[in-house]
2 protein chains.
Amino acid sequence: MPNVYAVIMAGGAGTRFWPRSREKSPKQLLEIVGKGTMIQNTVQRISDLIEPKNILIVTNKIQKPSLEKQFLNIPNENIIVEPLGRNTAPCIGLAGLFVRRIDPDAVMVVLPADHIMHDEEEFRRVLRLAIWVAYESGKLITIGIQPTRPETGYGYIQVIDEDDGTNPYFERGIYKVKTFAEKPNLTTAKQFLDSGDFLWNSGMFVWRVNTIMQEIEQHLPDMYQELLKIDDVIGSDKYTNVLETTYRIIRGISIDYGVMEKAKEVYVIKGNFGWSDVGSWDEVYRISGRDDNGNSVTGQAFLHDTKNTLVYGGDKFISTIGVEDLIIIATDDAVLVCKQGRSQDVKEIVDYLRRKQKNDYL
Amino acid sequence: MPNVYAVIMAGGAGTRFWPRSREKSPKQLLEIVGKGTMIQNTVQRISDLIEPKNILIVTNKIQKPSLEKQFLNIPNENIIVEPLGRNTAPCIGLAGLFVRRIDPDAVMVVLPADHIMHDEEEFRRVLRLAIWVAYESGKLITIGIQPTRPETGYGYIQVIDEDDGTNPYFERGIYKVKTFAEKPNLTTAKQFLDSGDFLWNSGMFVWRVNTIMQEIEQHLPDMYQELLKIDDVIGSDKYTNVLETTYRIIRGISIDYGVMEKAKEVYVIKGNFGWSDVGSWDEVYRISGRDDNGNSVTGQAFLHDTKNTLVYGGDKFISTIGVEDLIIIATDDAVLVCKQGRSQDVKEIVDYLRRKQKNDYL
C-alpha cells in the first residue's frame, strides 16, 4: 500500500451560515449538524484510514489557533496557512508541494472540511477503493455522488456508464468522466437526474501527488511556476514572505475548472453514503431530524402552532406562534428569520454588513 | 378648583409583551412605543395638571424600587404597594383611603400606567373637563373613547346620546351611561361601531374620593369593611401586617364590574385623542410608524424582501429574508417570532414557562 496523505481544505469564510458563521468561526468550526465541529467530524471519519501525522489542514491565519487547539494530535506544522483564499487550485497545489517533498508517489486525498456523510462506513469503503485506483492507475480520481433530487446547488459530473473496453475498473463501479457540468437550472437538473449518468460533484479528490502536480504544470503552467517559487523556500526563513508575494499574484481558480475539466482522463467513483455539503440553512433543515410538525429544534424552544420550521437558539429561549416554513437562528448578538427556500440570500446580509462596515457582526 | 390627586395603577404583570415584559420589568416599565417608559409618559402627560406630590402610584413589591428611581420627584410614600394583585377595585379602594384622609372632597383621577395617547393636549382638555364635572356633580365619571374600528379587545360603554333633560352636561359632550358591555365578538363589535352610541371603555375614571368610597361601601360592602381595617392602621407599624391579611381575603374584582355597572348614575366623557391601551404586539405594530414596505423597526436590522413586519431587536442585529406579516422581538435571553394577528397567544408561552418552571424567562 502507498503512503496516504489527507489534505483538508478549511479556508472557507462560511458566509452562508450567518449569523452562526463569522469570520472567526466559519462553518467548519461549528457544530452545525449533530455533535462535534464539522472539521472534527471530517478528521474523525478518516482516522481509521489515515494517521494524524499524515493529515494536512490548509486554512487561514484567523482559524489556525482554533484548529491547533481542536487537533492536538495533528502536528502544528501540518496546519498550512494560506495568506489569502485563492480558491481550490492554489490550495491543493500548495499542500501538494509539502506532500511531494516527503513522497512523490504518495496518494493524496483532498477533502473539504465541511461535508457530512450519513453512512461513514460506506464512505470509507469508497475512499479505500479510490486510494487503490489512484495509486494503481496514476490517474485523477474524483468522488461523484448518486443524485437523489434535482439539486441546483451542486455541480454535476457526467460519466461514461457503458463499458467501452478502455476502462479496466468499470466492473468495480468506477467510471470515466465524460464532462463536468456547472450548477444547472432546475429544468436541466431534472434532465440530469432522469438521464441516470450524472453524478453530483462532491469536491473530493484522490490522486498520486505527482499526478496532480504534473496536471497543474500542464494546465496551469503560470500557477505551477509560482508554486515552484514557494517550493524553493519551504523550511527557510524566506517562506512566509515568498508565500505572501506569490499569493498576491497567483490565480484564484478552482481545481475543477483549472484542471479536472481539462485533464485527459479522469475517473469517478460513485458514492452513495448520504452525502451533503451542507451549503445552506435550507440544507441543514433538509438533513435534520424533525418532529411530527416538521420542526427541527436545537436549544430551548416553545413552538406554538408552528410547522416546518428550523430553530437554532444557542442559549436563547426561542418561541414561535402561528408560523410555518421558517428558519430561525439566534446567536449572542444577532437573529436571522428566513423563509424556507430563501437561505441562499443570507449572503445579501453579509454583503450588507460588509458595505456598512458593521464588522462586529461579520 | 378642588384638590386633585392622580392614582396611577401600575401593578400589571405584563405577560402580553413577553419576551420584553417580565415579572421584574412589566409593560409599564418598558419603552414600548416612542421614548420613555409607559409610566413615565403617563406621569409626564398629566404633569401640567397635577403636581408630583399629588400623584400616587399603586404597584407591587417587585416594581417599587424601579418606580422610586424613575420618579425622584414623587415622594416615596406615594408609591403604594399591594401585597398581591386583586384587580382594580381593591387597588382603587386602597388608594382612596390615602386620598380621603387628606381631603375627602378631593377629586381622584384614576389612570392605568400603560396607555398611550397621540393627542395629549386633547387628553388634558378632556381630563380638565372630567375633573370639573366630577367635582361639581359628585358623580362617577369615566372616559369613553370614540371607536375607530370594531375592536374585540376592549369593553364598551353605551351612552344615552339624546338629551332627555336630566343631564345638565349634555351640551358639553358628557353623556349618561346606559350600559357597560364586556369585550364583544366581531359581529357584535361591528354592530357597536355602526350604532354610534357605543364608546370604548378606557379604564380611566374621575370622581370625588368620597363619592367612589361611598359607592364601594354600597356595592361592595364586604370589601369596604376590609378597607376600613386597613384605614385604621395607616401610619402605624401594624399597617403592613393588616394589609397582607386583608389582601389575602379581599375579593379580586374590577371596579367596572364591582361598582360602575351597578352605580345609579355614571357620566362618560367622550375622548378622541388617539388612545390605545397597547394590549399586544399586534397593537404596537398598529400604532407604530412604518416604512414603505410596512415594516416597523426598532434597533439595528436588515430586512431583505420583507413586508409588514414589526422588529424589535434591543442590542441584537436582526435580519430577515423573504418573510411577511411577522412580529420579531429579541431580548438578551429570548426571541419571539409571531404571526401578525396571533400575538394574543403570547400568554400561551408565558403559561408554558410557568408550567415548566423556567423562571429565568418569566
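The values are calculated or read from the model by the stated rules, or taken from the named source; none is laboratory data. Because the structure is a prediction, the values reported are computed rather than measured. Note that we place each Cβ from the backbone using ideal geometry, even for glycine, and neighbour counts take in every protein chain shown.
Could you tell me whether any residue of the stretch A:219-228 is in contact with a strand residue (DSSP E or B) (Cβ under 6 Å, 6 or more places away or on another chain) and assigned to a helix (DSSP H, G or I)? Break it down into steps so the answer makes sense when it comes.
Quick first cut of the stretch A:219-228, residues in contact with a strand residue (DSSP E or B) (Cβ under 6 Å, 6 or more places away or on another chain) only: none.
Within the stretch A:219-228 (the criterion being in contact with a strand residue (DSSP E or B) (Cβ under 6 Å, 6 or more places away or on another chain) and assigned to a helix (DSSP H, G or I)), the answer is no, since none of the residues qualifies.
Which is farther than 30 Å from residue B:221 by Cα, at the interface with another protein chain (Cβ under 7 Å from one of its Cβ atoms), of a type in the set (Ser, Thr, Tyr) and not in a strand (DSSP E or B), of B:285, B:352? It would help to see each step written out before you state the result.
On the way: B:285 fails: at the interface with another protein chain (Cβ under 7 Å from one of its Cβ atoms).
Unique residue meeting the criteria: B:352.
Which condition breaks for residue A:296 when tested against (1) within 14 Å of chain B (Cβ to nearest Cβ); (2) touching a strand residue (DSSP E or B) at 6+ places or on another chain (Cβ under 8 Å); (3) closer than 21 Å to residue B:321 by Cα; (4) modelled with pLDDT of 95 or more?
(1)
Would you mind stating whether residue B:176 is closer than 29 Å to residue B:135 by Cβ and of a type in the set (Lys, Arg)?
Details: closer than 29 Å to residue B:135 by Cβ: yes; of a type in the set (Lys, Arg): yes.
Yes, satisfied.
What pairs can you find where one residue is in the stretch A:17-34 and within 14 Å of chain B (Cβ to nearest Cβ), the other is among the basic types (Lys, Arg) and surrounded by 22 or more Cβ atoms within 10 Å (Cβ to Cβ), and their Cβ atoms are less than 7 Å apart, with a gap of 6+ or different chains?
A:17/A:27; A:21/A:27
So which residues in the stretch A:328-356 are touching an Asp or Glu at 6+ places or on another chain (Cβ under 7 Å) and buried (at least 23 other Cβ atoms within 10 Å of the Cβ)?
Selection gives A:343 alone.
Checking residue A:359 against (1) surrounded by fewer than 19 Cβ atoms within 10 Å (Cβ to Cβ); (2) more than 7 Å from chain B (Cβ to nearest Cβ); (3) at pLDDT 95 or above, only one condition comes out false. Which one?
In the conditions (1) surrounded by fewer than 19 Cβ atoms within 10 Å (Cβ to Cβ); (2) more than 7 Å from chain B (Cβ to nearest Cβ); (3) at pLDDT 95 or above, residue A:359 misses (3) alone.
So in the stretch B:315-342, with the set limited to residues that are part of a loop (DSSP other than H, G, I, E, B) and at the interface with chain A (Cβ under 7 Å from one of its Cβ atoms), which one is nearest to residue B:362 (Cα to Cα)? It would help to see each step written out before you state the result.
Within the stretch B:315-342, the first condition is being part of a loop (DSSP other than H, G, I, E, B), and the residues that meet it are B:315-316, B:322-323, B:325, B:331-333, B:340-342.
Checking the rest, the ones that are also at the interface with chain A (Cβ under 7 Å from one of its Cβ atoms) come to B:316, B:322-323, B:333, B:342.
Numbers: B:316: 20, B:322: 31, B:323: 28, B:333: 11, B:342: 20 Å.
Within the stretch B:315-342, the match that is nearest to residue B:362 (Cα to Cα) is B:333.
For residue A:27, all conditions in the list (1) in contact with a Gly (Cβ under 8 Å, 6 or more places away or on another chain); (2) within 22 Å of residue A:219 (Cα to Cα); (3) not polar (S, T, N, Q) hold save one; what is the number of the exception?
Result: residue A:27 fails condition (2) only.
Table: residues versus (1) surrounded by 15 or more Cβ atoms within 10 Å (Cβ to Cβ); (2) of a type in the set (Gly, Ala, Ser).
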site: A:223; (1), (2): yes, no
site: A:254; (1), (2): yes, yes
site: A:262; (1), (2): no, no
site: A:280; (1), (2): yes, yes
site: A:283; (1), (2): yes, no
site: A:286; (1), (2): yes, no
site: A:292; (1), (2): no, no
site: A:295; (1), (2): yes, no
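Might you check whether a residue that is over 30 Å from residue A:362 (Cα atoms) and assigned to a loop (DSSP other than H, G, I, E, B) occurs anywhere in the stretch B:296-306? It would help to see each step written out before you state the result.
First, the residues of the stretch B:296-306 that are over 30 Å from residue A:362 (Cα atoms): none.
Checked the stretch B:296-306: no residue is over 30 Å from residue A:362 (Cα atoms) and assigned to a loop (DSSP other than H, G, I, E, B).
Restricting attention to the stretch A:249-270, report how many residues are assigned to a loop (DSSP other than H, G, I, E, B) and more than 16 Å from residue A:85 (Cβ to Cβ). Spell out the reasoning first.
Looking only at the stretch A:249-270, we keep the residues that are assigned to a loop (DSSP other than H, G, I, E, B), and these are A:250-254, A:261-265.
Right, trim to more than 16 Å from residue A:85 (Cβ to Cβ) and you get A:261-265.
Within the stretch A:249-270, residues that are assigned to a loop (DSSP other than H, G, I, E, B) and more than 16 Å from residue A:85 (Cβ to Cβ) number 5.
Looking only at the stretch B:273-286, which residues are among the aliphatic types (A, V, I, L, M) and farther than 17 Å from residue B:325 by Cβ? It would help to see each step written out before you state the result.
Initial filter on the stretch B:273-286 (among the aliphatic types (A, V, I, L, M)): B:278, B:284.
B:278 - this is the single residue of the stretch B:273-286 that is among the aliphatic types (A, V, I, L, M) and farther than 17 Å from residue B:325 by Cβ.
Of the conditions (1) over 23 Å from residue B:347 (Cβ atoms); (2) out of contact with any Leu (no Cβ under 7 Å at 6 or more places or on another chain), residue B:282 satisfies every one except a single condition; which number is it?
For residue B:282, the exception is condition (1).
Among the residues of the stretch A:230-243, what is the count of those that are hydrophobic (A, V, I, L, M, F, W, C) and assigned to a loop (DSSP other than H, G, I, E, B)?
Looking only at the stretch A:230-243, we keep the residues that are hydrophobic (A, V, I, L, M, F, W, C), and these are A:230, A:233-234, A:242-243.
With assigned to a loop (DSSP other than H, G, I, E, B) added as a condition, the list becomes A:234.
Of the residues in the stretch A:230-243, 1 are hydrophobic (A, V, I, L, M, F, W, C) and assigned to a loop (DSSP other than H, G, I, E, B).
For the stretch A:158-213, which positions are among the polar types (S, T, N, Q) and over 23 Å from the mean Cα position of the chain (by Cα)?
Residues of the stretch A:158-213 among the polar types (S, T, N, Q): A:158, A:166-167, A:179, A:185, A:187-188, A:191, A:195, A:201-202, A:210-211.
Result: A:166, A:167, A:187, A:188, A:191, A:195.
If you go through the stretch B:299-314 one residue at a time, how many are of a type outside the set (Asp, Glu), under 16 Å from residue A:325 (Cβ atoms) and facing chain A (nearest Cβ under 8 Å)? I'd like the intermediate steps shown before the answer.
Going residue by residue through the stretch B:299-314, those that are of a type outside the set (Asp, Glu) are B:299-304, B:306-314.
Applying the additional criterion that residues be under 16 Å from residue A:325 (Cβ atoms) yields B:306-307, B:309.
In the following step, the residues that additionally are facing chain A (nearest Cβ under 8 Å) were identified as none.
Final tally of qualifying residues: 0.
Does residue A:246 count as without any contact (Cβ under 8 Å) to a residue 40 or more places away in the chain, surrounded by 16 or more Cβ atoms within 10 Å (Cβ to Cβ) and assigned to a helix (DSSP H, G or I)?
Working: without any contact (Cβ under 8 Å) to a residue 40 or more places away in the chain: yes; surrounded by 16 or more Cβ atoms within 10 Å (Cβ to Cβ): yes; assigned to a helix (DSSP H, G or I): yes.
When the stated conditions are applied, residue A:246 passes them.
Where residues in the stretch A:7-51 are within 13 Å of the chain's Cα centre (by Cα) and among the small types (Gly, Ala, Ser), which of them is modelled with the highest pLDDT?
Top of the filtered list is A:10.
Which one is surrounded by the most Cβ atoms within 10 Å (Cβ to Cβ), of the residues in the stretch B:139-197 that are of a type in the set (Asp, Glu) and closer than 21 Å to residue B:257 by Cβ?
B:151
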